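So the structure is just underneath, and the comments pick up after that.
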Amino acid sequence: MDDNYQTYLNRLARLTLPEAYRSQVQHIQESSKFQPHSGLRQAASFPGYTLTTPPAEEESQNSAFYAKLQTYQQELLQLPVNPNLIVPVPPASFHLTLADLIWDSAYLDAYEKNPNFDEELHSCLTEIFQQYQQLMTNRSHLIQWQMLGLILMPRAVAVCLVPQDERCYEEIIKFRRTIYQNPKLIALGIEQHYHFTAHITLAYFGEVSSDLDRTSFSTMLSELNEEWLLNLPEFLIDRVELRKFDNMTRYYREPDWPILNF
């Protein structure tokens, strides 16, 4: 399902163009992941599992990248729009998802049908990671990616990333294939839902009022992106971890959960 290298580059380049913002802004809508509560938007329950790089609060390798991203998030929040429109995620939770696993009702249903679901998922991924690690013994190059720019999603604003070269891209796509084509994971209900679009979410959409000037908003995003293009930080992918989440503000793990070092 994932793109080849050149198709990926072309698709993401288009997502950061002014016309993409003008088009996408027509389709933005409130995210159910944050709900109004006592005048503030709070994270709603949204449980599941993912395979991700360590979140910013636990990551030293990419600390400069995340510091820059936090600055970008603040600039996004300072745009002159309805303050309830953009709901930031905690900077400590910034992360790059390498493979979505299971979430929300699908996870709750799987757990209800199989109380051992969590243990079986952990065990299966431990096995996959161990086998994969053995296949990587000859690899010596780093997996470097770089921020390309701002992208607008139906319910969120994010920055997207592109690989330094084709080899860096293929490493990640090969890993994703290993996950999504594994018979044991498929039997647990894990399936691929999306093409890979490497991104780090900065914020979700809250109240999208009927009087929102969408044209003006898309222009603001385009101008913000132009500013950021002068300083695009690099991102090193050196490990992926199984992480659990209860909502979109924190991604956690236990010490014995599987880790794969690239």
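Just so it is clear, none of the values below were taken in a lab; they were calculated from the coordinates. If you're wondering where the values come from, they're calculated on a predicted model, not measured in any experiment. Cβ atoms come from the backbone with ideal geometry, glycine included; neighbour counts cover every protein chain shown.
Worth a mention:
- FRET E, pair ASN84, ASP165, Förster distance 45 Å, beta-carbon r, rounded to 0.05: 0.60
- Rounded to the nearest whole Hz, the Karplus-based 3J(HN,Hα) values (6.51 cos²θ - 1.76 cosθ + 1.60, θ = phi - 60°) of the range 20-32 follow the sequence 5, 5, 4, 6, 5, 5, 6, 10, 5, 8, 4, 8, 6, with x at glycine and proline.
- Net charge of neighbours whose Cβ lies under 12 Å from the Cβ of SER23, counting Lys and Arg as +1 and Asp and Glu as -1: +2
- Loop-located chymotrypsin sites (Phe, Trp or Tyr not before Pro) in the range 171-221, at most 11 other Cβ atoms within 10 Å (DSSP): TYR194
- As a length-normalised measure over Cα pairs under 8 Å and 6 or more apart, the relative contact order of the range 5-261 settles at 36 percent.
- Modelled this way, with points 7 Å down the Cα-to-C-beta line, the labels at GLU19 and SER45 are 4.6 nm from one another.
- Potential extension, GLU191-GLN29 segment - 0.36 nm per residue separation minus Cα distance: 55.8 nm
- GLU227/TYR5 FRET efficiency (R0 45 Å; Cβ-Cβ; nearest 0.05): 0.95
- The Cβ shell under 10 Å around TYR180 holds other residues with a net charge of -1, Lys and Arg each +1, Asp and Glu each -1.
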